[in-house]
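Q: Dumping the structure here so I can ask a few things about it.
The values are calculated or read from the model by the stated rules, or taken from the named source; none is laboratory data. What you see is a predicted model; the values in this text were computed from it and never measured. We place every Cβ from the backbone using ideal geometry, glycine too, and count neighbours over all the protein chains shown.
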Amino acid sequence: MDMNMNQYLEVFIEESKEHLQACNQNLLELEKNPTNLSIVNEIFRSAHTLKGMSATMGYEDLANLTHQMENILDLIRQSKLLVSPELLDVVFSATEHLEEMVQSISEGGDGKCDVKDVIQKLKMIEKGETPIQTSAKQEAAVTVEEKVSTKNFDQFELTVLIQSAEQGFNTYEVAVSLREDCLLKAARVFMVFEVFEALGEVIKSTPSVDLLEEEQFDNEFTVTYVSKETEKTIIQKVMNISEIEKVVVTPFSPLEIQQVYGRRDESEVTVGKEENQIALESNETVNDNSDDKTQQPKANIGNKTIRVNIERLDILMNLFEELVIDRGRLEQISSELNNQELHETVERMSRISGDLQNIILNMRMVPVEMVFNRFPRMVRQLARDLNKKINLEIFGAETELDRTVIDEIGDPLVHLIRNAIDHGIETPSERRSKGKSEEGRVHLKAYHSGNHVFIEIEDDGAGISREKVLNKAIKNNIVIAQSAASLTDKQVYELIFASGFSTAEKISDISGRGVGLDVVKNTIESLGGSVSVDSNFGKGSIFSIQLPLTLSIISVMLVGIQNEKFAIPLSSIIETAIVKKEDILYTHNQKVIDFRGKVVPLLFLKDIFDVPVLSENGDFLSVIIVRKGDKMAGLVVDSFIGQQEIVLKSLGNYLANVFAISGATILGDGQVALIIDCNALIN
């Protein structure tokens, strides 16, 4: 790929993913409303644009497959094909292939994929046959009919083409691509047409000449052209015009096409061309003469958005983090010097940098929809594989999360949703026998609360059996039989997240309840979040995930332990307390306090982190009450320094596994403070 193309690669990948997502969503809609042609038009447009982009970028397999999909969709649009589950299965399968290819490209691959089988099935559907596995014989039989593009001609245009061919003219399709940065598109098009008129005659233009003059096209257009000149001459003359990216000239025989389509009593005929030279068409609807007014609305000029590489945002964030560290230092110097003017300036700078922080964080925020939108198709496929009826309802898809969290959260959610469908929702007959509706319901919900995002996955399936979970947990030595009886139901359900809980002899593709849920828990906790489960046996289960809005700048309470400073995230703290030494109680060799009627264990951080002891405390202890879910603990420190916003810095791979430390920060005076991971301290 040349340098020119390389700079568009990122945009191509992002836009392709968006178009494929649109295809998926609309296909799911079409399955519910198979006669709604406006949905077909939407899918057609996505496929059409994707085809043009793929061809321009030189990804032939992608272009060929979207081209073949487009043929099918066009026949549905013209009511020549009916939407059936079999047809949708093949189109879904084609979309999956396309996703694999785009994924391959985004990972630096060549975007190639063996698409013969799915193309063959699409071609069979196009001919009105039932799609079956392809045979070598079928693959070999490539006819002109299979090479047709979606160019529609009326009888007059076809007659002109045939007469020109008989008089010794060559008939071509010429696809012209303007450069992305072309300033005056209409002017370039005018110059291209001048060259065309000098060398031959344009029979048809897609998009139409009117649309080209109004610049209502992307960067490509195609003309059907008759000329006595060779392909080479036409390419040379057009390429002489500046700001032209590429010209593809494809000869075709109008007579051959007429023979193929002569069998059909239709007023419109389609012109053929080699498959590997897909027309570089614009986003406009191909058939300018068609009755259904499906032309895309003109681009919304007021929509001012820009795509920014996530790496640039990371760099911006890192620079801002350095600024936060210096801000802390300035605030400290200002309070020491006690200079009013300096104090006012620093205060103003703190306020402005706070606003800047909000803007940077918002720029990094992405709707959770980016992850959620792949689930409807997954659920459809799973329901079919398992012969279950399932209705997935999504709420709060617009809820925003930091991009780094979004990238990590997909796999755990896939696991939990598969889990709900495979082991939660019962089969239609089981549901009937329980007096439930045949269709199971899975709710996927996201919402903000404080500086956290909550994601809930709820199903109205069989729920979790306390007895089964306990038996399995005892068998796997996760709990001892004696203590099992004293556990609450919720504590029992939480055992399914324990490492070693799963005993599946063979882990199926569809994750079962308890298969690898410890992995889900670990991933979510590594993001600074937590996951819990609750269930009502026979009625259903609900998994709840709590995630921080952002991972890089957090509010903490700074504490002193002897001569060291530590930071405890505010999101874990319930409150601070001063406790008299005489109020400490002992139970099971553990120091505890009575905190508002609850027995709370005390954890002495100086012992846990082996902090060198230089001086002993007096009669009082400074305690920070922290929580993890519904469990609490009191962290004993020597002093409270105060609340502060800090930048979370990773300790790097070498220190990645230090117990109960999630990172470090640089304070205003240049000292390093370790950040305590409260989740690791509370069992």
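Q: Out of segment 220-244, which residues are within 24 Å of F12 (Cβ to Cβ), surrounded by 21 or more Cβ atoms within 10 Å (Cβ to Cβ) and either more than 35 Å from the chain's Cα centre (by Cα) or not β-branched (V, I, T) (or both)?
A: Of everything in segment 220-244, those that are within 24 Å of F12 (Cβ to Cβ), surrounded by 21 or more Cβ atoms within 10 Å (Cβ to Cβ) and either more than 35 Å from the chain's Cα centre (by Cα) or not β-branched (V, I, T) (or both) turn out to be E220, F221.
Q: Okay, next question. If we scan segment 588-602, do we find a residue that is at pLDDT 90 or above, surrounded by 18 or more Cβ atoms within 10 Å (Cβ to Cβ) and under 30 Å from I333 (Cα atoms)?
A: No - not one qualifying residue is present in segment 588-602.
Q: Consider segment 158-186. How many of its residues are of a type in the set (V, I, T), in contact (Cβ under 8 Å) with a residue 40 or more places away in the chain and surrounded by fewer than 17 Cβ atoms within 10 Å (Cβ to Cβ)?
A: 1
Q: Oh, and also: Filter segment 187-204 down to the residues that are under 16 Å from S164 (Cβ atoms) and without any contact (Cβ under 8 Å) to a residue 24 or more places away in the chain and list them by number.
A: Correct list: E197, V202.
Q: Could you please find all residues in segment 53-78 being assigned to a helix (DSSP H, G or I), among the polar types (S, T, N, Q) and farther than 15 Å from A94 by Cβ?
A: Selection gives T56 alone.
Q: Go through segment 334-363 and count every residue that is surrounded by 12 or more Cβ atoms within 10 Å (Cβ to Cβ) and more than 45 Å from the chain's Cα centre (by Cα).
A: Total meeting the criteria: 5.
Q: Within segment 83-124, how many residues turn out to be in a helix (DSSP H, G or I), more than 16 Å from the chain's Cα centre (by Cα) and charged (D, E, K, R)?
A: So the count comes out to 6.
Q: Next question, about the same structure. Could you check segment 362-455 for helices (runs of 4 or more DSSP H) lying wholly inside it with 3 or more residues that are within 27 Å of K17 (Cβ to Cβ) and of a type in the set (D, E)?
A: Where helices (runs of 4 or more DSSP H) fall fully within segment 362-455 and carry at least 3 residues being within 27 Å of K17 (Cβ to Cβ) and of a type in the set (D, E), they are 403-419.
Q: Among the candidates E458, E438, E408, which residue alone is over 29 Å from S526 (Cβ atoms) and out of contact with any Cys (no Cβ under 8 Å at 6 or more places or on another chain)?
A: E438
Q: Have a look at L28, L9, L50 and point out the one that is crowded, with 21+ Cβ neighbours inside 10 Å, within 22 Å of the chain's Cα centre (by Cα) and in a helix (DSSP H, G or I).
A: Checking each option against the conditions leaves just L50.
Q: Any chance you could count how many residues in segment 464-505 are within 14 Å of D518 (Cβ to Cβ), over 35 Å from the mean Cα position of the chain (by Cα) and not in a loop (DSSP other than H, G, I, E, B)?
A: Here the count works out to 2.
Q: Do you know which residues across segment 636-683 are within 31 Å of the chain's Cα centre (by Cα) and charged (D, E, K, R)?
A: If the condition is that a residue be within 31 Å of the chain's Cα centre (by Cα) and charged (D, E, K, R), then E645, K649, D677 are the ones that fit.
Q: May I pose another question? Would you please name the residue that is surrounded by the most Cβ atoms within 10 Å (Cβ to Cβ), looking only at residues in segment 85-113 that are in contact (Cβ under 8 Å) with a residue 40 or more places away in the chain and among the polar types (S, T, N, Q)?
A: T95
Q: Scanning segment 630-663 for residues that are crowded, with 19+ Cβ neighbours inside 10 Å and of a type in the set (G, A, S), which turns out farthest from F566 (Cα to Cα)?
A: A633
Q: Sticking with this one: Filter segment 605-644 for residues that are among the polar types (S, T, N, Q), out of contact with any Asp or Glu (no Cβ under 9 Å at 6 or more places or on another chain) and at pLDDT 90 or above and give the result.
A: Within segment 605-644, just S639 meets the criteria.
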